[in-house]
Amino acid sequence: MIRPAVPGDAAGIAAVQVAAWRATYPGLIPEALLAQMTLARQVPRWRAMLSEGTDGAHHVTELAGRIAGFVSTGAPRDDTLGGLGARGEIRALYVHPDCVRQGLGRQLFHPAAAGLAARGMAPFGLWVIAGNDRAAAFYRRLGGRAVTTRWAEVTGGRLRETAWLWEDYGATNSSRP
């Protein structure tokens, strides 16, 4: 079940994000950046975003009574995606490492993409950190197209990201759940 996130979901969303980062990004992002991904930092951040309700749309999925994944969408956060023609962005899509390979990522992606299209935010895109081959394969299977790369300055150094774009999601995925 996918539902809109509420402020009370902040701790669950933060737990998924921290666990996913710690499982996915060692060796792909600077250690100093990974060290900043803590519950103490993320819970207040998520609580504020969900309480304000002004920074895009956030949805969660649950398994066994706990948040197992989330997706956040909104307008592109920088000019790069907009310059590629994107009017929307999937800003984050994470599934708890204990829950991967159960179809939750796909279940989160399709309603988020359809929501962007319904709000006039298509084409849309997202960023994948270089070396995250599992995410790149996932987005390729969902019809995304890698269109450009960039270097981003982050805490502790730089990281390379690839932009993925969906130019006609509604026409090619209208039968998806």
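Descriptive notes on the structure:
- Note on the range 19-177: Cα convex hull, mean projected area over all directions, 9.4 nm².
- Each of Leu84 and Ser51 was given a label point 7 Å from its Cα along the Cα-to-Cβ line. The distance between the two points is 3.4 nm.
- Think of the chain as a dipole: +1 on every Lys or Arg Cβ, -1 on every Asp or Glu Cβ, centred on the Cα centre; then among Gln36, Ala137, Ala117, Ala137 lies furthest on the positive end.
- Radius 14 Å from Cβ of Asp98, net charge of other residues (Lys, Arg +1; Asp, Glu -1): +2
- Sparsely packed trypsin sites (Lys or Arg not before Pro) within the range 1-103, loop by DSSP, other Cβ within 10 Å at most 15: Arg77, Arg101
- About its Cα centre, the chain has a charge dipole of approximately 300 debye under the convention of +1 per Lys or Arg Cβ and -1 per Asp or Glu Cβ, with nothing else charged.
- Helical segments meeting 18 Å axial Cα length and Kyte-Doolittle -1.0 threshold in the chain (DSSP H): 10-24, 39-52, 104-118
- Average accessible surface area per residue within the range 28-177, 1.4 Å rolling probe, Å²: 49
- Relative contact order (percent, whole number), the range 51-177, Cα cutoff 8 Å, 6+ residue spacing: 21
- Relative contact order (percent, whole number), the range 67-136, Cα cutoff 8 Å, 6+ residue spacing: 37
- The share of accessible area on the chain that comes from carbon and sulfur is 52 percent, using a 1.4 angstrom probe.
- A Förster radius of 35 Å combined with the Cβ-Cβ distance from Leu28 to Leu63 puts the calculated FRET efficiency at roughly 0.85.
- Gain in span if fully extended, Arg145 to Arg77, counting 0.36 nm per residue against the direct Cα distance: 22.6 nm
- For the pair Met1 and Leu39, label points projected 7 Å from Cα toward Cβ lie 2.4 nm apart.
- Calculated mean residue ellipticity at 222 nm for the chain: -11000 deg cm²/dmol, from DSSP H runs with n ≥ 4 weighted as -39500 (n - 2.57), summed, divided by the residue count and rounded to 500.
The values are calculated or read from the model by the stated rules, or taken from the named source; none is laboratory data. Being a predicted model, the structure only gives us computed values, none of them experimental. Heads up, the Cβs are rebuilt from the backbone with ideal geometry, glycines too, and the neighbour counts pull from every protein chain shown. Each accessible area value is taken on the protein alone, full model and side chains, heavy atoms only, with ligands, DNA and RNA left out. Shrake-Rupley method; radii C 1.70, N 1.55, O 1.52, S 1.80 Å.
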